[in-house]
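Mind having a look at this structure? Questions to follow.
The values are calculated or read from the model by the stated rules, or taken from the named source; none is laboratory data. What you see is a predicted model; the values in this text were computed from it and never measured. Methodologically, a virtual Cβ is constructed for each residue, glycine included, from the backbone with ideal geometry; neighbour enumeration extends over all protein chains shown. Keep in mind that these areas ignore ligands, DNA and RNA; they rest on the heavy atoms of the full protein, side chains included. Shrake-Rupley method; radii C 1.70, N 1.55, O 1.52, S 1.80 Å.
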Amino acid sequence: GFGAEPHSRGRTCFCTNLYDGKQTSYYRSDILGIIEEENLPQWAKSGLEKAQAAIADRARQQDDAR
């Protein structure tokens, strides 16, 4: 969401839980930072790959619908 940008008017960040894949949201002030991908534990890397694949699949479906 707009809250992910440092100086935005919004404050909500929409997130995907890498453990269970559920969508959720947090206020920008609740987020402590961002971990580099290479420092993620293996289970989180697997969840990230699944989340990225789902995003790419949704983008392909939207392109096909046009």
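Scan the stretch 26-45 residue by residue and report those that are over 25 Å from Phe2 (Cα atoms) and in contact (Cβ under 8 Å) with a residue 24 or more places away in the chain.
Trp43
Moving on. Could you please find all residues in the stretch 13-25 being open to solvent by less than 60 Å² (accessible area, probe 1.4 Å) and outside any strand (DSSP E or B)?
Matches in the stretch 13-25: Leu18, Gly21.
Looking at Arg9 and the list (1) charged (D, E, K, R); (2) assigned to a loop (DSSP other than H, G, I, E, B); (3) surrounded by 10 or more Cβ atoms within 10 Å (Cβ to Cβ), which single condition is not satisfied?
Among (1) charged (D, E, K, R); (2) assigned to a loop (DSSP other than H, G, I, E, B); (3) surrounded by 10 or more Cβ atoms within 10 Å (Cβ to Cβ), the lone unmet condition for Arg9 is (3).
Across the stretch 48-66, which residue is modelled with the highest pLDDT among those that are among the basic types (Lys, Arg) and over 23 Å from Ile34 (Cβ atoms)?
Arg60
So in the stretch 39-49, with the set limited to residues that are surrounded by 10 or more Cβ atoms within 10 Å (Cβ to Cβ) and part of a helix (DSSP H, G or I), which one is farthest from the chain's Cα centre (by Cα)?
Trp43
Evaluate the stretch 26-38: report whether one residue or more is surrounded by 12 or more Cβ atoms within 10 Å (Cβ to Cβ), modelled with pLDDT of 90 or more and in contact with a Gly (Cβ under 8 Å, 6 or more places away or on another chain).
Initial filter on the stretch 26-38 (surrounded by 12 or more Cβ atoms within 10 Å (Cβ to Cβ)): 26, 28, 31.
Right, trim to modelled with pLDDT of 90 or more and you get 26.
So of that shortlist, the ones also in contact with a Gly (Cβ under 8 Å, 6 or more places away or on another chain) come out as none.
So far as the stretch 26-38 goes, no, none of its residues is surrounded by 12 or more Cβ atoms within 10 Å (Cβ to Cβ), modelled with pLDDT of 90 or more and in contact with a Gly (Cβ under 8 Å, 6 or more places away or on another chain).
Here's a follow-up. When only residues in the stretch 50-66 that are among the acidic types (Asp, Glu) and over 17 Å from Gln23 (Cβ atoms) count, which is most open to solvent (accessible area, probe 1.4 Å)?
It comes out as Asp64.
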